[in-house]
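The values are calculated or read from the model by the stated rules, or taken from the named source; none is laboratory data. Everything numeric in this text was worked out from a predicted model, so none of it was measured. Here Cβ is always computed from backbone atoms with ideal geometry, including for glycine, and neighbour counts include all displayed protein chains. When the accessible area is computed, the model is the full protein with side chains, heavy atoms only, and any ligands, DNA or RNA have been set aside. Shrake-Rupley method; radii C 1.70, N 1.55, O 1.52, S 1.80 Å.
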Amino acid sequence: MAASPLKTALSQSAKPIHPVWVRLCHWLNALAAILMVLSGWRIYDASPVFKGFVIPPAITLGGWLGGALQWHFAAMWLLFFNGLIYLGLNLATGRLFRKFFPLSPRAVWRDLRLALIGKLHHDDLSHYNALQKIAYLTVIIDLVVLVLSGLAIWKSVQFPLLRELMGGYDNARIVHFCAMALLVGFFVVHVVMVALVPRSLLTMIRGR
Amino acid sequence: MPVKKRNSFLINPELDRAQILKDATRELALPTRRLFLKGAVTLGGLTMLTGCGLSDNQSVESFLMRVSRLNDRVQGWLFDPNRLAPTYSEAELTRPFPFNAFYGVEDVPEVDAASFVLKVGGLVTGKRSWTLPELYALPHAEQITRHICVEGWSAIGHWGGTPFREFLRQVGADTSAKYVGFKCADDYYESIDMPTALHAQTLLTFQYDGKTLPPEYGFPMKLRMPTKLGYKNPKHIMEIYVTNTFPGGYWSDQGYNWFGGS
Ligand code: HEM
């Protein structure tokens, strides 16, 4: 028996824009990333990579180096395993390719121009525009770089290949810092965009 | 005796008052600890996220401590006893090598070389006291390795001494025990896992840069482990013991991770 048009329409509308696992992973990742960044700032302050550039202790997490390290090395497990599940499910279901591709430099350029003149619309919340695609893919890769450079700093003796890939122990700290800065930059723009399209926040919470 | 409710947690007769006082004094003596609590409370964003106001700091702290102990086990498992830390050339040495301790350089302990005797205790069957000439006569090894501080900075130094596993063999240590502990002249204390104690680059160090270890780098001896962070490398060692009872360490008892491996 062929499915009735009504039935198809019902199941279409019942299907969330963001499946529940995407929503869960997204918010757990946001929590882990915020904890990692705030505690990371305190760790950075113990011995600044860039002389003279210190992050105000009041906006950091942990209170002292030991406390910050405890937060950092606890939140890393959430970031790591949650990230594995997100990437694993995205690859296994093919969602990664459906949602973020095709993606062409021309489309990014077009959407960037539209965004700058205030004409980029995000009416169909089930589709990401090219700017969103490139931003999300960038932050996903950035998080992978953060984890790998962090691992190179934490275990520079146990993972020689990773250490050399990062240009040695001291350089891995610079890579880690720059990847953090990119993440913070993404975060600011991301939250502003969500504020401009508040309906998208509902989709990331309720699915619709 | 009637007990005022407000203070009942302080004067509960079932609690060991002396112990509480001791703990409280120790905690308060550390300015960083007070900051830890303050910092956690002022963090408004986190308060919003967890919704519990972090008023029960105690449970957050003990949770983080438990994760830290879990991380000890993960690191023990990641530790490859055959993996060597990178070594460097004379030209790459950091000069001057930074002095670092939990006190200023003016408070470095002075240990008298002539009367010094290293005590060895716990699960060992051999010689339990060692003079400096006896220690200097042990097989000699040198290394130029990177010292990585928990704060993030690193420095390359040149150390000379005897491979620690050779020393453990000489004193008839039970190498199936879990820990090796250290007591130091500056009231520092530290302990390490046996696999690290037996690592080829773990060096009982008597020399820096070809000369007798100067006081600021840990005279009469320092345990140098390029596979561990700086604070795990005890200086001014007076006593070494082998044990199966977890001895903790000066910094790890305050919250630094105990394994502290790199
Ligand atoms: C550092 C923290 C954050 C990171 C790394 C991050 C990353 C991402 C990524 C990768 C996506 C795409 C997810 C997918 O479709 O698979 C996404 C979507 C989204 N994020 Fe975040 N996010 C963070 C924090 C936040 C915060 C704090 C908010 C809320 C203010 C937020 C709101 C959203 C919303 C509403 C969407 C869906 C946008 C849409 O449907 O157009 N994110 N985020």
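With only Cα atoms counted, the protein assembly as shown has Rg and Dmax values of 27.4, 99 Å. Potential lengthening of the chain between residue A:195 and residue A:47 amounts to 49.7 nm, from the contour at 0.36 nm per residue minus the alpha-carbon distance. Computed over the Cα atoms of the range B:138-205, the ratio of the radius of gyration to the Kirkwood radius (Rg/Rh) comes to 0.99. Residues of the range A:157-175 that lose at least 50 Å² of accessible area (1.4 Å probe, protein heavy atoms only) when the other protein chains are present, relative to their chain alone, are A:157, A:158, A:169. In this rough spin-label picture, where each label sits 7 Å from Cα along the Cβ direction, the residue B:87-residue B:61 distance is 4.4 nm. Think of each Lys and Arg Cβ as +1 and each Asp and Glu Cβ as -1; about the Cα centre, that makes the dipole of the range B:110-223 roughly 420 debye.
The apolar share of the surface of the protein assembly as shown, taken as the fraction of accessible area on carbon and sulfur atoms (1.4 Å probe, ligands and nucleic acids excluded), comes to 66 percent. Here r is the Cβ-Cβ distance between residue B:166 and residue A:21 and R0 is 45 Å; the resulting FRET efficiency, rounded to 0.05, is 0.25. For the pair residue A:188 and residue A:91, the difference between a 0.36 nm per residue extended length and the Cα-Cα distance amounts to 32.2 nm. Both chains summed, the buried accessible area for A and B stands near 3100 Å², from protein heavy atoms and a 1.4 Å probe. Taking a straight line from the alpha carbon of residue B:127, these aspartates and glutamates sit under 19 Å away, with near neighbours fewer than eight places off in the same chain left out: B:166, B:174, B:239.
Computed from the C-beta positions of residue A:121 and residue A:161, the FRET efficiency with R₀ = 45 Å rounds to 0.45. For the set A:141, B:156, solvent exposure ranked by accessible area (probe 1.4 Å, protein chains only) runs largest to smallest as A:141, B:156. For the range A:86-174, the list of trypsin sites (Lys or Arg not before Pro) that fall in a loop by DSSP and count at most 12 other C-beta atoms within 10 angstrom reads A:119. Taking every Cα-Cα distance in the range B:64-217 and sorting them into 10 Å bins starting at zero, the pair-distance distribution P(r) comes out as 9, 33, 40, 18, 1 percent.
Loop-located chymotrypsin sites (Phe, Trp or Tyr not before Pro) across the range A:52-98 with a Cβ neighbour count of 11 or fewer within 10 Å are A:53, with loop assigned by DSSP. Placing a label point 7 Å from the Cα of residue A:170 along the Cα-to-Cβ direction, the residues of the range B:91-111 whose backbone N falls under 14 Å of that point are B:91-98. The accessible area of residue A:205, taken with all protein chains in place and a 1.4 Å probe, comes to roughly 100 Å². Assuming 0.890 mPa s and 25 °C, estimate D for the range A:103-208 with Stokes-Einstein, Rh taken as the Kirkwood radius over Cα pairs, in µm²/s. D = 155 µm²/s. Over the residues of the protein assembly as shown, the helix contribution to mean residue ellipticity at 222 nm works out to -15000 deg cm²/dmol, using -39500 (n - 2.57) for each DSSP H run of at least 4. Its residues counted as N, the range A:67-128 yields a C-alpha radius of gyration over 2.2 N^0.38 Å of 1.67. Solvent exposure of the range A:39-90, expressed per residue, is 41 Å² of accessible area, with all protein chains present and a 1.4 angstrom probe.
Of all aspartates and glutamates in the structure, those lying under 20 Å Cα to Cα from residue A:15, and not within fewer than 8 positions of it along the same chain, are A:123, A:124.
Distance between the pseudo-spin-label points of residue A:140 and residue B:77 (7 Å out from Cα toward the beta carbon): 2.8 nm.
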